[in-house]
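Participant: Let me give you the structure first, and then I'll get to my questions.
Bear in mind these aren't lab numbers, they're just calculated from the coordinates by the rules spelled out. Being a predicted model, the structure only gives us computed values, none of them experimental. Every residue, glycine among them, receives a Cβ derived from its backbone with ideal geometry; neighbour counts consider all protein chains shown.
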Amino acid sequence: MEIKKTDKANLEKSRGIFLQIGYVVALGIVLLAFEWGSRPSDLNSLGELGDMDLEEEIIPITRQQNEPPPPPPPPQTTEVINIVEDDVEIEDELILDDTEADQDTEIDIVEFDEEDEEVNEQEVFFVVEDMPTFQGKSSDAFRIYIQQNLKYPIIAQENGISGRVFVQFDVNGKGNITNVIVVRGVDPSIDKEAVRVVKSSPKWTPGKQRGRPVRVRFTFPIVFQLQ
């Protein structure tokens, strides 16, 4: 290739500028082609609705009625009127006694027997505010009395019978010992002696509940032991 002598006649110097111009023109043609093909023919026709008859559906609002039921009508009462003639005598007359008292009026005074107080003593207590005492002392004094007055049965001694007898008794409102029974015995002869010695006890000081003498029940052990 023949070398040019001047720079003005050298076209290779402006090659880069012509190349950029070509790129710009080509890019513009491509963009124009996209815009031409994708543009809708009528933009004003988008989003329009035809003449459609849309009826608004109205939903009625229902409310629950909590009104109380009407009260029942009152019962009808029929009043019966008996017409009585003047000649008829009325038997339903009230007889009023003369309750006024004068000096001659006698008043009956009812006296209460002591049996009413004994009925109240039938209630049995096991623990009261003031427990009964034997000769002004505790139950230990009654145990000493039993030991001093107890007689060991000869039959039980000969047969070698010994043991503990549990005797139950009540101290009533007057201090007397009543209802003596054997709760748990050992031998008939020993049991009989235990009941005898308890019944022979002198009077106690009765127990009191709320300041009133009452009946108090005891269960007392008596020991029979051979020497």
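Participant: Please report the spacing between the Cα centers of the range 129-150 and the range 175-227 in Å, no decimals.
Facilitator: Centre-to-centre distance over Cα atoms comes out at 10 Å.
Participant: First select every other residue whose beta carbon is under 12 angstrom from the beta carbon of THR133; then total the charges, Lys and Arg +1, Asp and Glu -1.
Facilitator: Details: positive: LYS137, LYS203, LYS208; negative: ASP130, ASP140.
Local charge sum for THR133: +1.
Participant: In addition: Give a residue-ordered list of calculated ³J(HN,Hα) values for the range 186-198 (Karplus: 6.51 cos²θ - 1.76 cosθ + 1.60, θ = phi - 60°; whole Hz; x for Gly, Pro).
Facilitator: 10, 8, x, 5, 5, 4, 5, 5, 5, 5, 5, 5, 6
Participant: Farthest toward the dipole's positive end in the range 123-224, which of VAL171, ILE161, PRO213, given Cβ charges of +1 (Lys, Arg) and -1 (Asp, Glu) about the Cα centre?
Facilitator: Result: PRO213, furthest along the dipole toward the positive end.
Participant: Same structure again: So how strong a dipole does the range 123-224 carry about its Cα centre when Lys and Arg Cβ are +1 and Asp and Glu Cβ are -1, to the nearest 20 debye? Kindly include the intermediate steps, with their values, before the conclusion.
Facilitator: Numbers: 15 positive and 9 negative charges, 71 e Å.
Using Cβ point charges on Lys, Arg, Asp and Glu, the range 123-224 gives about 340 debye.
Participant: What shape does the range 123-224 have by the C-alpha gyration tensor, where a ≥ b ≥ c are the square roots of the eigenvalues, rounded means a/c under 1.5, and otherwise prolate means a/b greater than b/c and oblate the rest? Each step should come with its number before you reach the end.
Facilitator: On the way: a/c = 2.85, a/b = 2.20, b/c = 1.30.
Since a/c reaches 1.5 and a/b is larger than b/c, the shape of the range 123-224 is classed as prolate.
Participant: Hey, rough spin-label estimate for LYS192 and LEU150, points 7 angstrom out along Cα→Cβ, what's it come to in nanometres?
Facilitator: 1.9 nm
Participant: Quick check: net charge around VAL198, other residues with Cβ under 12 Å of its Cβ, Lys/Arg +1 and Asp/Glu -1?
Facilitator: Working: positive: ARG143, LYS192, ARG196, LYS199; negative: ASP170, ASP191, GLU193.
Net charge in that neighbourhood comes out at +1.
Participant: How large is ³J(HN,Hα), in whole Hz, for each residue of the range 140-149 in order, when computed from phi with the Karplus curve 6.51 cos²θ - 1.76 cosθ + 1.60 and θ = phi - 60°, using x for Gly and Pro?
Facilitator: So the J values, rounded to whole Hz, are 5, 5, 5, 5, 5, 4, 5, 5, 6, 10.
Participant: Computed FRET efficiency, Cβ-Cβ of VAL223 and GLN135, R0 25 Å: what is it to the nearest 0.05? Walk me through the numbers on the way to the answer.
Facilitator: Values: r = 21 Å, r/R0 = 0.85.
So the FRET efficiency works out to roughly 0.70.
Participant: Run through the range 116-218 and list the GluC sites (Glu not before Pro) located in a DSSP loop whose Cβ has at most 14 other Cβ atoms within 10 Å. Could the numbers behind the result be given before it?
Facilitator: Working: sites: GLU117, GLU118, GLU121, GLU123, GLU129, GLU158, GLU193; in loops: GLU121, GLU123, GLU129.
Qualifying residues, ordered by number: GLU123, GLU129.
Participant: Do any trypsin sites (Lys or Arg not before Pro) in the range 151-191 lie in a DSSP loop with no more than 12 other beta carbon atoms within 10 Å, and if so, which?
Facilitator: On the way: sites: LYS151, ARG164, LYS174, ARG184; in loops: LYS151, LYS174.
Those that pass, being in a loop and sparsely packed, are LYS151.
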